[in-house]
Amino acid sequence: MNLLQSIYKIKRFTTSKDRDFIKALKIYNDSIAVHSKTDTNEISAFIDKTASPNREMFFFGLYYNDIVVGYIECGYLKTTRSLIIDYFIIKDDYNFNGVFYPFFSLFQQFLSSNLIEIDYFIIEVNFKSLDFNEDKESYYLRKLLFAEDFKTVDIAYSQPRLGVNNYESNLDMKLMIKSTNSMNTIRPETITAILHDIYYNHYINWYMAFMTEVEIREYEKHIQNQEKLLNEQINNRDVIKLISNTNTVCDHYMSNNCYYNNSRSTAGYVKSPLKRSIRILKILSIPLVIFIAVILSFAVFLLTTILDISIDKISPFFTAVSATLTGLIALFISSKNK
């Protein structure tokens, strides 16, 4: 084999009727833990909505060799020119460094090509170990994002509830941030503005479309409490540290169930699904050509018998046709082997 290629594609979904959107949503549904999951009915409903004044939502399918293998959901917050990534999911069979980075590169290229000015990329990530029921997507994602110059914001952060009654989703997490220029610190005023943008123009903006007026008021009160707790720790600082890749992959490094200690690596490559079929095709190619030639000859014999036609009269024509068909079949099999 002299040529081997893998094709990576990214596609923005603009309608819930897109068949590939359903495939991508299934990958999302199968991959995300319950406490981190947004209702798929809400996602399907929201993809058909127009952009709000202060935020634009993006939903992407990730394609590896024309197969849907991943899903991205993110929101562009126009006030602070921040992009919050809600989900960046790749199927388990494709969850490798060599697959993630081409997709992440295409993701950034799409945003740049569409002239979306982004000052900050933001993502909420679970930093707990398996002892604390960490979902594996968070582990893979934070490990890969560190190599993309994402850094951890040194503040205690709780993810707001994903809906008024989803109490399990109100998790202690960390914010990871990336800017156009590498930074080691960020001003408290900047983080305060970004968090306010996330809380009101991302979370409340999303859920107000699916809640009653009473539920909206209750959810707004929850968001206000979250913001108050964050501001209390931020306002006392001159700067907020941004932490690079820590010495350990898990906060609880010594835990037996830590992904790092279990050697769950994202190194590697996707195994080609074609090798076995090509090997079988090579083995069967010669008997297949002979079999088709025999069947063709027998069919012609029956036809001449039924129509009472002398075989001598059509033998030159039959010879030419059978040779041509046999040659085409052999050419087809040869091309498949390559």
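The values are calculated or read from the model by the stated rules, or taken from the named source; none is laboratory data. Keep in mind the model is a prediction, meaning the values are calculated, not measured. A quick note on method: Cβ atoms are made from the backbone with ideal geometry, for glycine too, and the neighbour counts reach across all protein chains shown.
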Flag for THR14 being in the same structural domain as PHE100 (by TED's automatic domain parsing), surrounded by fewer than 15 Cβ atoms within 10 Å (Cβ to Cβ) and touching a residue at least 24 places away in the same chain (Cβ under 8 Å): yes
Those residues of region 159-189 that are without any contact (Cβ under 8 Å) to a residue 12 or more places away in the chain and not in a loop (DSSP other than H, G, I, E, B) come to a total of 2
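Could you list all residues from region 1-24 that are of a type in the set (Val, Ile, Thr) and assigned to a loop (DSSP other than H, G, I, E, B)?
Those that are of a type in the set (Val, Ile, Thr) and assigned to a loop (DSSP other than H, G, I, E, B): ILE7, THR14, THR15.
Can you tell me how many residues in region 109-152 are at pLDDT below 90 and part of a helix (DSSP H, G or I)? If you could, list the steps in order and put the result at the bottom.
If we filter region 109-152 for residues that are at pLDDT below 90, which is where we start, we get 115, 125-149.
Filter again for part of a helix (DSSP H, G or I), leaving 130-132, 136-146.
The total comes to 14.
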All-but-one check, TRP206 against (1) touching a Lys or Arg at 6+ places or on another chain (Cβ under 7 Å); (2) not in a strand (DSSP E or B), failing number (1)
